[in-house]
């Protein structure tokens with residue numbers, strides 16, 4: 001392995017905590033970097049990492065009152081007041097000073113902005129990062145998960161100049177990494193930026209421990225012994241299309257029809273949560289929300305996300321859009337049968353690999369239900385399906401794939 005000068009890596013995001021996709025991928029990147037003798041440190045507005053390696057900056061969080069007020073006044077309008085511009089500049093200056101403090105405190109020589117230069121949840125943070133990189137020339141790998149042009153709520157705005165400047169910026173020290181082929185094409189087309197595709201991954205080289213029959217989460221949510229544990233492992237936001245999962249559970253005609261949802265609503269408000277509660281009530285399906293039980297690791301909540309997967313009999317992933325599909329890989333890793341809607345990235349980057357899953361194209365029909373019943377009843381078919389999927393996951397979406405691509409990107413920086 002070639003000798004590298006870079007040793008101290010600084011991850012920067014709005015939030016590095018919990019079970020959202022960005023936080024989970026940061027943990028995977030850090031694991032791969034640390035096993036290659038890098039040291040990893042963290043800068044965000046919310047952190048659940050080692051305090052000795054963390055630099056908490058509350059204004060970095062998209063929910064900080066100052067940031068939320070700015071965001072509210074920049075989107076859904078076509079012009080911004082001068083006072084908002086002044087507020088953006090002031091907060092950008094404060095955040096840039098914090099970035100200097102972070103890099104000085106830990107001797108950072110490689111910066112990894114995680115979605116902070118991608119989706120404008122915190123515009124001052126994106127501007128501060130852009131100015132910091134331009135002023136220092138620090139080697140940077142910008143890891144992009146969700147671009148603003150992929151979200152309707154950002155399309156009407158009074159800050160296109162900021163978006164053009166920093167989401168993402170075009171600067172010599174930056175190598176851009178995206179998580180799917182469609183994003184790669186759009187980034188090249190819209191911004192003229194070359195980039196590397198690094199898919200989401202899982203540690204398939206280390207198989208999960210075989211869980212016993214006991215599943216304490218079942219009793220926590222009132223399940224009886226024979227009840228089917230149907231899991232939707234996503235946040236409660238419209239693009240996750242939870243209505244489809246409710247329809248699956250309804251058509252399965254279970255004794256106690258229940259859909260277990262692992263995550264909370266997150267950054268898009270509570271309106272959709274109220275909607276699906278009404279849909280579920282009308283369908284005669286109970287919703288069991290377990291986000292209060294589930295954390296990124298066993299130190300933050302009573303259970304890890306892994307515990308929910310180990311309990312699941314069936315995983316539903318009916319999203320209309322995903323940046324890649326962490327939940328898909330997790331279901332494959334924990335060897336669970338999965339029902340997946342054919343969202344665009346699945347069609348482009350995952351489906352061609354040959355995974356054996358139950359697919360739907362928008363609507364849930366009797367054929368889907370028949371396929372679910374077969375895989376749940378036929379143990380040989382069940383085993384064949386999940387074992388094949390695990391081997392494909394190991395081949396295409398392993399830590400080893402990440403390691404090769406990530407270290408290659410670092411090498412191009414001469415770091």
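Values in this text are rule-based calculations from the coordinates and carry no lab data. Because the structure is a prediction, the values reported are computed rather than measured. A quick note on method: Cβ atoms are made from the backbone with ideal geometry, for glycine too, and the neighbour counts reach across all protein chains shown.
Just a few scattered comments:
- Between residue 52 and residue 253, the modelled label-to-label distance comes to 6.0 nm, taking each label 7 Å out from Cα in the direction of the beta carbon.
- Our summary gives the stretch 106-240 a relative contact order of 20 percent, counting only alpha carbon pairs under 8 angstrom and 6 or more residues apart.
- Over the Cα atoms of the stretch 303-369, the radius of gyration divided by the Kirkwood radius equals 0.96; this is the Rg/Rh ratio.
- Debye intensity ratio in log₁₀ form over the Cα atoms of the stretch 213-285, taken at each q of 0.16, 0.17, 0.20 Å⁻¹: -0.59, -0.66, -0.88
- When you count the other C-beta atoms within 10 angstrom of each residue and take the mean per peptide, 162-168, 383-389 line up highest first as 162-168, 383-389.
- The chain: angle of helix 399-412 to the longest principal axis, Cα-based, in degrees nearest 10: 10 degrees
- The radius of gyration of the Cα set in the stretch 161-316, together with its Dmax, comes out at 19.9, 60 angstrom.
- Pairwise centroid distance, computed over Cα atoms, of the stretch 225-241 with the stretch 309-340, Å: 10 Å
- Relative contact order computed over the chain (Cα-Cα under 8 Å; 6+ residues apart), in percent: 14 percent
- Likely footprinting exposure, 291, 313, 349, 370, fewest C-beta neighbours within 10 Å first: 370, 313, 291, 349
- Each 10 Å bin from 0 upward holds the following percent of the Cα-Cα pairs of the stretch 216-396: 9, 39, 40, 12, 0.
- The angle separating the long axis of helix 366-377 from the principal Cα axis of greatest extent in the chain is about 80 degrees.
- The simple Förster model, with R0 at 30 Å and r as the Cβ-Cβ distance, assigns residue 353 and residue 270 a FRET efficiency of 0.25.
- Between residue 164 and residue 37, full extension at 0.36 nm per residue minus the direct alpha carbon distance yields a gain of 42.1 nm.
- Rg over Rh, two decimals, the chain (C-alpha only, Kirkwood Rh): 0.97
- Counting only alpha carbon atoms, the long axis of helix 181-191 and the longest principal axis of the chain meet at about 30°.
- Neighbour-count ranking [beta-carbon atoms within 10 angstrom, fewest first] of 390, 334: 390, 334
- Protection proxy ranking of 40-47, 374-381 - average other beta-carbon atoms within 10 Å, highest first: 40-47, 374-381
- The stretch 282-395 - percent relative contact order, Cα under 8 Å, separation 6 or more: 21 percent
- Cα convex hull of the stretch 57-151 - mean projected area over all directions, nm²: 6.3 nm²
- Pairs of Cα atoms farther than 15 Å apart, the stretch 50-89, %: 51 percent
- Förster-model FRET efficiency, 25 Å R0, residue 188 and residue 66, C-beta, rounded to 0.05: 0.15
- P(r) of the stretch 341-399 over all Cα-Cα pairs, binned every 10 Å from zero, in whole percent: 20, 45, 32, 3
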